[in-house]
Each structure stands twice: as C-alpha cells, then as structure tokens.
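Working notes, structure below.
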Amino acid sequence: MPENGKKLSGAEFVKAASRRLRGTLAEELASDAPSFSKDATLVLKFHGIYQQHDRDLRRAEAKKEYSCMVRVSVPGGVLRPEQYLALHRLAGQVGDGTLRITSRGGVQYHYVGKRSLRDLIRAINAAGLNTLAACGDVVRNVVCTAAPFDTPGQKSLLEWVRLVDRSLKPKTRAYAEIWLDGERAASLVDAAEESEPLYGDTYLPRKFKIGFTCEGDNTVDIYAHDLGFVAHIENGEVAGFTFLAGGGMGQTNGDRNTHPRLADPVGFIPPERVLDVARAVVSIHRDFGDRANRRHARLKYVIEERGLAWFREELARRIGWQPEPPRPLAWTRHADWLGWHAQDDRGERWFFGLRVVSGRLGGALLETVAEIVSELQPEVRFTPQQNLIFANLPPEARPALEGILRRRGAAFPHELPPVLRHSMACPALPTCGLALTDSERVLPDIAADIQGQADAAGAAGEVIHLRMTGCPNGCARPYTAEIGIVGQSPRLYSIYLGGSPLATRLAVLYSHNIPQDRIGAVLRPLLDAWVRERRSGESFGDFCHRAGVDALRERFLEVSA
Ligand code: SRM
Ligand code: SF4
C-alpha cells in the first residue's frame, strides 16, 4: 500500500492486521510476560493504555521496569460525584496512588501493573466511564469549557460534546471482549456496526482532537484543536457554531515539516449540523492525512498544504451543503474558573475551582478532594488547565467546603503566587517515553524562580501564563502561552514568548538551550522592560508580541544568557 509513492509507516500495517483493535492483546494479557510486545503496545493505545517504563530506574539500574499509564476519557471533563469517588478509590488500589488530571480534562493512572489492567478497566467501566479511544489514531476525549454556568446555552454545550464523543468512538467490540465480558459486549454493540464506517480497517493516520466552547471563553485553547466548535449564544440558547480546523501543537526536533499551528475559522453552522461536520472533517483527515510519516500526519498539515479553500470545498462536497462564512470571534475571558463563582443570576448554585498543580492529585490533596465530594456531593469537572471544579453547590455548602480546605491545609487559589496559579506542565520524566527532560517535577521551582524575578521587577501580583513541557510535542500547549518552556535535553530548555493570555496567538522562540536554573535570570530583563515600557494594562505576552520577540532577543539575550 504505497502512500503517494512513499512507504507506509509501520503503524499502518499493525492497525490493518489488528482485526479491529484486537491484535494479540487477549493472549498477551493471559501470559506471564512482564510486558507487551511492540505491536501489541500500539494496539493497546486505542484501548487507552500506554506501556511505559520508569526512566529514573532505567538510568539508575540500566534495566527497564515496565508498567502502564491508563487514560480515562471524560467527555467535557464532567463527572458525577459517585464517578469521581470511584476513580478516587481505584487510585488507592493501583498504580502510584495518584490521579493525574490531563490537559484535555481526562484523567490518568500511572504505574499500573500489567496484571492489574483488566480489573482497573472493568472498574472504570462499572463507574460508567471508559478508556476506549483515550489514546490511539482516533478521535480523542472531546473537550469543553469547564465553566458550569446554568444558562440553557452553556448547559446544552455538553449535550453536543457527549453526542460527538459517543458517535465518533470506534465501533469495535474488541474493547468489551478483551476487558469486559464478551457476551455483554456483543449485546451492547450491534454486530453490523463493527464495520467501522468512519474509521475503516486502518483508523486515522494519527490522533484527532475536538473541542467545544462558548464565544468569549478560550480556556479550552480552541485554536490548538484539529476541530473546534465555538457556540454563539443568542437569547440564552446556542444559535449556531463557528467551527475551526487545523490546529495542533506538536513539532519534532530535526523535522522541518512539523510545527505548531493555530486552527483556521472555516464556517458557521446551525447546531443540528455539528455531527455531520465533525464526521466529515474527521473523514478528510482519514483520507488525506499522511500515512507515511507519523510526525507529519495531522489535519493541520493537510489544510496548510492543500489550502483552506480546498478544505472548504472538500468539506462542502462531503456534507452536501455549504456552511455560512465563519462569524467573527471575540475572546474576552481568560478566567481560570478558580475560586467561587455563581452559576446563575440568583446565586442559588455555586461552583468552586480548585488549583491542582500540573493536574497531579495525590497525598493530602487527593484526600481533601475526596472528603469534599463525599460530604457535599458536587458535580466534579476537570478543566483543560488541569484543575478541578466542584459544581452545583447551594450557598449553604460554601462554608463547609472552605472549612474542609482550611482544616486540611489546602491552598485557596487567591493564596497562590500568580505564576504558579496560571501554569501548566506535562508529566514528562519519569513516565513519558518521549520526554527529553523534566517538566512536572521541576515546574514548582521554575514557577517560583520566574515569580521571584517578576516580583523583583515590580510585577508582583500580575498574571503571567506559564506552560512547560519536557519535549517539543506540546502536551501542555506551551506554544500558545505567554511564556512557554520546552525541554530539549537534560535540564536544557527553549523559551517561547509572546503568546496571548487569551491563547489566540502562537508564541515565538526566544532562545534555545537555557539551563533550568537560568530561566528566571534570562527572563528578568524582559520583565523589567515590560514593567518600564508597558501600555496601560498590557500583559507580559502582549508586550513581548508588540515589542517583537526578535527585537527583544537582540536587546536582551546577550545581557542575560
Ligand atoms: Fe500528549 C504524546 C501526555 C495532551 C501532543 N502525550 C503523549 C504521550 C502519550 C507520550 C507517548 O506518546 O509516549 C504522553 C504520556 C505521558 C505520561 O506519562 O502520561 C502524553 N498529552 C499528555 C497529557 C497527559 C499531558 C498533560 O499534561 O496532561 C495530555 C493527555 C490529554 C488527554 O486526556 O487526552 C496530553 N498532547 C496533549 C496535547 C494538548 C491538547 O490536546 O490539548 C497535545 C498538543 C495538541 C496536539 O495534539 O497537537 C499533545 N502528545 C502530543 C504529541 C504530539 C503530536 C503531534 O502532532 O506531533 C505526542 C507525540 C505522539 O503522539 O507521538 C504526545
Ligand atoms: Fe511527554 Fe513531551 Fe508530551 Fe511532555 S510534551 S508528556 S515530555 S510527549
């Protein structure tokens, strides 16, 4: 099967031979081998499981200690209290005892032993959740703004999220056969549906990400998605969606064909057309995505190389009608939804956003959240900033929630230094097999370093958005942040600057190979210049953009590096 004369990537053959994602998983699960074979690990991803090894241990003892990361899909990030508590209990039974909220509002277990996988996945399914398509070359967990406002428009967004999420899941029964009970699975899925009408035998060339939000609220980073839907609310209801396509963050060192890209606004559609459009856009990725070079296999490259006009035409041909031109998008909020917010005008229901640094819920914080959820039974929402919201609380619950936080010593969002409050980091070492250096583990130090420099520059209390990753793949979306720190090799980082606080602009590379302990010092002259030269209310990212990252580099890099 040549791809434009190029050799297909090995993954294409494994998918094709997997018999709709079965591969050798059942046999390998039954065997005593400590790990899965190479082909099985690829198939496993479609089931939401990554085989990993502890990279600290490997360095220290020159051997690989295998375990798995299990990712749970949480469409829109929303959980009922009993679902959250089920996930919490499982964290005490498998893995390293933590729950890791992801940058797409999902949740991960790390260090799960091969023998625990089946029980874990059964228990996750018993809680009404699943791991199918949380990873792999398919549509991933669908993201939504986490703000749980009670307007009909905002509430109905979740219905679209769930519809799209459910409709675009693979139809294979393999998941249920392997992890649950084959007979029950057969009764759940019509056999005829196993034909995978959307995905076919080889699924997509690569992952595909969909996000939803309301106009004004870009907390989901809509421009970073393969496909984004922005709801226009009129008279409290969703009047329609502007949809965008072709965003993505990933880039690979040494491959000039890869780079982060913001999605382009494509058209405006009535709400009932969302699923048609989503299916058609995914099918364009399926048919035109690069199946030879996986690093170049995202929809963003198809759109960039064939052009937006071509994409619009191809889409119209597939759906059989022409969407209206996109509506202008105005972004106003960069609230992180932390602290207390009224859900309605009457103040009858409230939500509280809790800061979870790098999304890692462990130790005392994990227990604090469990106590709040058990006592007050809130809806729980994971946010795309890796935080957690307790929603649907009556006003009487406010003192009780605050009491639990105080008694257990958990930080209120307003008590946190702003850089730490507005930061994100990917897991990186020791679990991520692609990490070039640390991210989550060093984030608190780096945030404190930058905060110290900002304070000394006279910018104490100012919001600065910092995002950090352990390699250029961009899992914490560093390229849309005001400061993006991207790992390149052990303890050496690239610094990107000039993204907007509204995440509507790409940051630009400022400098390469900055040692971890020099990051704050390198930023200091820029922070000084910002405080000295900023326009009224201008954010650090907007200042860097206006001044020009290249010009700032000429002025300051020699001095600070
Ligand atoms: Fe990611 C691969 C973690 C969101 C771009 N990502 C990985 C893997 C699975 C490493 C691997 O392939 O072996 C990481 C597992 C690390 C670990 O130990 O847990 C990993 N990605 C994550 C999470 C957990 C980061 C986080 O801080 O929360 C996020 C899980 C989200 C979820 O629930 O599904 C996560 N990854 C993202 C995002 C952000 C987003 O989607 O909003 C991106 C950038 C957007 C995009 O897709 O372009 C992202 N991850 C990547 C890439 C680069 C893809 C590319 O186009 O080149 C890789 C590399 C790959 O797939 O081979 C990757
Ligand atoms: Fe791993 Fe790189 Fe993603 Fe971080 S950005 S989790 S290091 S793949």
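The values are calculated or read from the model by the stated rules, or taken from the named source; none is laboratory data. Remember, it's a predicted structure, so these values are computed and weren't measured experimentally. Cβ atoms come from the backbone with ideal geometry, glycine included; neighbour counts cover every protein chain shown.
If Ala176 satisfies every condition in (1) touching a helix residue (DSSP H, G or I) at 6+ places or on another chain (Cβ under 8 Å); (2) within 16 Å of ligand 1 (Cβ to nearest atom) but one, which is the exception?
Unmet for Ala176, out of (1) touching a helix residue (DSSP H, G or I) at 6+ places or on another chain (Cβ under 8 Å); (2) within 16 Å of ligand 1 (Cβ to nearest atom): (2).
Name the residue, out of Leu366, Leu393, that is surrounded by 14 or more Cβ atoms within 10 Å (Cβ to Cβ) and in contact with a Phe, Trp or Tyr (Cβ under 6 Å, 6 or more places away or on another chain).
Being surrounded by 14 or more Cβ atoms within 10 Å (Cβ to Cβ) and in contact with a Phe, Trp or Tyr (Cβ under 6 Å, 6 or more places away or on another chain) holds for just one of Leu366, Leu393, which is Leu393.
Please enumerate the residues belonging to segment 227-248 that are more than 16 Å from ligand 1 (Cβ to nearest atom) and of a type in the set (Val, Ile, Thr). Write out each step before concluding.
The first filter runs over segment 227-248 and keeps only residues more than 16 Å from ligand 1 (Cβ to nearest atom), leaving 231-243.
Within segment 227-248, Ile233, Val238, Thr242 meet the criteria.
Cβ-Cβ distance below 6 Å, separation of 6 or more or different chains: which pairs start in segment 375-404 with a residue that is over 19 Å from Ala425 (Cα atoms) and end on one that is outside any loop (DSSP other than H, G, I, E, B) and of a type in the set (S, T, N, Q)?
These pairs meet every condition: Pro378/Asn392; Glu379/Asn392.
Look through segment 306-353, keep the residues that are in contact with a helix residue (DSSP H, G or I) (Cβ under 8 Å, 6 or more places away or on another chain) and aliphatic (A, V, I, L, M), and return whichever of them is nearest to Phe390 (Cα to Cα).
Only one residue tops the list, namely Leu338.
Looking at (1) surrounded by fewer than 21 Cβ atoms within 10 Å (Cβ to Cβ); (2) assigned to a strand (DSSP E or B), can you tell me which one Pro328 breaks?
Looking at each condition in turn, Pro328 falls short on (2).
Anything in segment 452-493 that is assigned to a strand (DSSP E or B), touching a helix residue (DSSP H, G or I) at 6+ places or on another chain (Cβ under 9 Å), more than 11 Å from ligand 2 (Cβ to nearest atom) and farther than 26 Å from His414 by Cα? List them, or say none.
Leu492, Tyr493
Taking segment 494-508 as the region of interest, how many residues are within 16 Å of ligand 2 (Cβ to nearest atom), part of a strand (DSSP E or B) and closer than 24 Å to Asp226 by Cβ?
Qualifying residue count, segment 494-508: 1.
Could you tell me how many of the residues in segment 514-539 are part of a helix (DSSP H, G or I), out of contact with any Lys or Arg (no Cβ under 7 Å at 6 or more places or on another chain) and not aliphatic (A, V, I, L, M)?
Summing the residues that are part of a helix (DSSP H, G or I), out of contact with any Lys or Arg (no Cβ under 7 Å at 6 or more places or on another chain) and not aliphatic (A, V, I, L, M) in segment 514-539 gives 9.
Results for (1) within 13 Å of ligand 1 (Cβ to nearest atom); (2) farther than 30 Å from Arg162 by Cβ, shown as yes or no for each residue.
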site: Ala17; (1), (2): no, yes
site: Leu21; (1), (2): no, no
site: Lys45; (1), (2): yes, no
site: Arg55; (1), (2): yes, yes
site: Glu65; (1), (2): no, yes
site: Arg71; (1), (2): yes, no
site: Leu85; (1), (2): no, no
site: Val107; (1), (2): yes, no
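Residue check, Ala410 against (1) within 28 Å of Val142 (Cα to Cα); (2) crowded, with 16+ Cβ neighbours inside 10 Å; (3) in contact with a strand residue (DSSP E or B) (Cβ under 8 Å, 6 or more places away or on another chain), all met but one. Which one?
(1)
Could you tell me whether segment 458-468 includes any residue that is within 16 Å of ligand 1 (Cβ to nearest atom) and over 29 Å from Trp350 (Cβ atoms)?
For segment 458-468, residues within 16 Å of ligand 1 (Cβ to nearest atom) and over 29 Å from Trp350 (Cβ atoms): present.
Can you go through Ala60, Ala86 and tell me which one is small (Gly, Ala, Ser), more than 22 Å from Thr219 (Cα to Cα) and modelled with pLDDT under 95?
After applying the criteria, what remains is Ala60.
For segment 287-320, what are the residues that are within 16 Å of ligand 1 (Cβ to nearest atom), part of a helix (DSSP H, G or I), in contact (Cβ under 8 Å) with a residue 40 or more places away in the chain and not hydroxyl-bearing (Ser, Thr, Tyr)?
Listed by number, the residues that qualify are Arg294, Arg295, His296, Leu299, Lys300, Val302, Ile303, Glu304.
Can you give me the number of residues within segment 489-526 that are in contact (Cβ under 8 Å) with a residue 60 or more places away in the chain, over 21 Å from Asp221 (Cβ atoms) and touching a Phe, Trp or Tyr at 6+ places or on another chain (Cβ under 7 Å)?
Qualifying residue count, segment 489-526: 2.
Checking the condition farther than 27 Å from Arg477 by Cβ and either part of a strand (DSSP E or B) or touching a strand residue (DSSP E or B) at 6+ places or on another chain (Cβ under 9 Å) (or both), which residue from Glu348, Glu367 passes? First the steps, then the outcome.
Values: Glu367 fails: either part of a strand (DSSP E or B) or touching a strand residue (DSSP E or B) at 6+ places or on another chain (Cβ under 9 Å) (or both).
Result of the check over Glu348, Glu367: Glu348.
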